[in-house]
1. Extending each Cα 7 Å along its Cβ direction at residue 155 and residue 249, get the distance between those two points in nm, one decimal.
2. Return one number: the angle in degrees, 0 to 90 and rounded to the nearest 10, between the long axis of the Cα atoms of helix 11-22 and the longest principal axis of the Cα atoms of the chain.
3. Suppose each label sits 7 Å from its Cα in the direction of the beta carbon; what would the residue 303-residue 165 distance come out to in nanometres?
4. Output the 0 to 90 degree angle, nearest 10, between the alpha-carbon long axis of helix 99-109 and the longest principal axis computed from the alpha carbons of the chain.
5. For residue 68, put the label point 7 Å out on the Cα→Cβ axis and report which residues of the stretch 81-125 keep their amide N under 16 Å from it.
6. Pulled fully out, how much extra length does the chain show between residue 58 and residue 260, if you take 0.36 nm times their separation in residues and subtract their Cα-Cα distance?
7. In whole Å, what is the distance between the alpha-carbon centres of the stretch 75-99 and the stretch 27-50?
8. Which whole-number percent gives the relative contact order of the chain, counting Cα pairs below 8 Å spaced six or more residues apart?
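Any read-out appearing in this document is the output of simple, stated calculations on the displayed coordinates, not a laboratory observation. All values derive from a computational prediction rather than experimental measurement. Every residue, glycine as well, gets a Cβ built from its backbone with ideal geometry; the counts of neighbours run over all protein chains shown.
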Ligand SMILES: NC(=O)c1ccc[n+]([C@@H]2O[C@H](COP(=O)([O-])OP(=O)(O)OC[C@H]3O[C@@H](n4cnc5c(N)ncnc54)[C@H](O)[C@@H]3O)[C@@H](O)[C@H]2O)c1
């Protein structure tokens, strides 16, 4: 099978490329390297089943050719990360809405299956758990720019569902929850790589807010396994599916755990949200997925324990730093 991975030089995309190549598939990547890097895919260079193109998904001509030549599109390219989106509000909306619209329009033109990456951010300010795919979504006002990421991904979901309903296009929406592992960068606001790098340098580990907000964390290998199974699954058309781990932890406890597992001498400090992100920021206090639908569709759910994921990721950053 020929699979086009948009955003394939990024964190999730590059791991997906590794899995697809290992499974014997042919892979093409399009990536503009805005947050991804060629280093993430350099080890695949020279493999006759691997090809990449440094370009933007907004380039319709290039996307037309790439989508016409593949059997399936996994659309991961996006402006990602709270910090990145707050710093680049306009281009982030353009990439996430126009880029996805381009991918869907062309997938429809050539009748190709397309998986569209969405995010747990679309759930907004829920306090209950677990979050199910048909739950209501609760957002703050548009003056709070953090919601633009969620809203832009929600428009992607509506567009993908509309293509499915009106054109019978095989679209699957994957709502990824916090995914972690090797190659993730801490540059754009991702909490785990940031904490690990601070811990390994014995710098203060900076928790934003009071640290009582909770998250679940999903190992990258589990996420790409789920994506691979969804590529092959014939029952997912027109579905929205959560992909996430279910082990819930507060961010303060996460900081302590990372300090302990990395043998760090860092102190843990709490920084008010307005100092970290400016005054118009509000956080989501809780985010735990229901994985019932994922399990029903592909017979697999992410289950790698958090300690094991963190140990693996700490080792990666330790080796990278030395
Ligand atoms: N990592 C997570 O925890 C997480 C959680 C929820 C959703 N997601 C979604 O998964 C997808 C992949 O995220 P990731 O964590 O691998 O982030 P990432 O930043 O590592 O990957 C995104 C990739 O898209 C590329 N890109 C951005 N704009 C582009 C454009 N205009 N043209 C071509 N390439 C472009 C970037 O260079 C990068 O390589 C995104 O759609 C993101 O919203 C990720």
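1. 3.6 nm
2. That works out to roughly 50 degrees.
3. 3.6 nm
4. Approximately 30 degrees, to the nearest 10.
5. 103, 105-112
6. Extra length from residue 58 to residue 260 when fully extended: 68.3 nm.
7. Distance between centres, Cα-based: 20 Å.
8. Reported as a whole number, the value is 18 percent.
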